[in-house]
1. Which percent of the accessible area of region 199-321 is formed by carbon and sulfur heavy atoms (probe 1.4 angstrom)?
2. Calculate the spin-label point distance for Glu243 paired with Glu137, positioning each point 7 Å from the Cα along the beta-carbon direction, and give it in nanometres.
3. With the cut-off at 1.5 for a/c, could you classify the chain from its C-alpha gyration tensor as rounded, prolate or oblate?
4. Under the rule a/c < 1.5 gives rounded, and otherwise a/b versus b/c splits prolate from oblate, where does region 1-100 land using the Cα gyration tensor?
5. Taking the Cβ of His73 as the centre, find all other residues whose Cβ is under 10 Å away and add up their charges (Lys, Arg: +1; Asp, Glu: -1).
6. Considering only protein heavy atoms and a 1.4 Å probe, what is the carbon-and-sulfur percentage of the accessible area of region 1-90?
7. Have a look at Gly150, Trp242, Leu8 and report the one farthest towards the positive end of the charge dipole of the chain, computed about the Cα centre with Cβ charges (Lys/Arg +1, Asp/Glu -1).
8. So, counting K/R as plus one and D/E as minus one, what does the shell of residues with Cβ under 10 Å around Ala49 add up to?
Amino acid sequence: MKPRIAVLGCGYWGSNHIRTLKALGALHAVSDENRARAEGFASEQDCLAIEPEQLFVRDDIDAIVMALPPQFHADMAVRAVEGGKDVLVEKPIALTVDDAERAVQAAKDNGRVFMVGHVLRFHPAFETLKALIDKGELGEVRYIHSHRLGLGKFHTENDALWDLAPHDLSMILAITGTEPIEVRGEGAALLDNLSDFAHLHMRFPNGLRGHLFASRLNPYRERRLTVVGTKAMAVFDDVEPWERKLAVYRHAVWQDSGQWAFTANEPSYVAVGEGMPLTRELAHFIQCIETRAEPRTSGEEAIRVLRILTAGTITHSKSSS
């Protein structure tokens, strides 16, 4: 029998979890402080609507997916694991490293699975890219840059960096296998005192460099991760259709008689199996509940992501009215 999972938070992203868990046969209940909203989803998906306070004490719930405003994640996660529930917490799992560490430690102390919603780690194109890197197809990775740009969403508690960058940071950390030793942030706030544009510059122990650009005030969408190696370069572009999402460029650069020369080759597109990242993420969560395995996107990884976000955050003074 599949684990009985409840979704806490029936907003935009919570509704995606609800529908996906239903398709996977693991949705048992939904919960939201807006009772009418929860009952609407319960009726639509043929599951229970449960008051948030009851989620943590009911015996018929094995796990909880939390899709709340991030300032509530840590406290709710602690209550859940102390109540014997496994948890998947959406990103960011907290707004401070201390809160994140508290929640993750509580899960350890209570022997519960703690997974984080870094959904792009389960994208087939990223999984294929990671396999190429691990096999040495790109040579030694020297530089990684990611661009995640678009219009919206606008939050009152977290800026463009905290809202958009966790996905890319999770992918970058998976590739590098280590945390940066230096993080420098830049940001610009146009609407209020929260960054609408954010840059992160990172330096890793082996000399690898990384750069991230996130914007929620951009006229076009860009979802691109570029990895530069000594043998080849690869681009994961999630805006492209499936057959063009992962491109490898086998450019060559060399010195000839003291001058630099290069050849620029057309990209080769790597075949990627189609699949919805959220479906794959939630299937992994179910598997971790059943096997008690450590999730690919663990609480420890989320803490590492929060450390980078914290180090790269730029604070802006309130704009005068």
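1. 51
2. With each label point 7 Å from Cα toward Cβ, the separation is 1.8 nm.
3. prolate
4. Here region 1-100 falls in the prolate category.
5. Local net charge: -2.
6. Within region 1-90, the accessible surface is 48 percent carbon and sulfur.
7. Value computed over the given set: Trp242.
8. Summing Lys/Arg as +1 and Asp/Glu as -1 gives -1.
The values are calculated or read from the model by the stated rules, or taken from the named source; none is laboratory data. Given the structure is predicted, the values throughout are model-derived calculations rather than measurements. Heads up, the Cβs are rebuilt from the backbone with ideal geometry, glycines too, and the neighbour counts pull from every protein chain shown. Heavy atoms of the whole protein, side chains included, go into the accessibility calculation; ligands, DNA and RNA do not. Shrake-Rupley method; radii C 1.70, N 1.55, O 1.52, S 1.80 Å.
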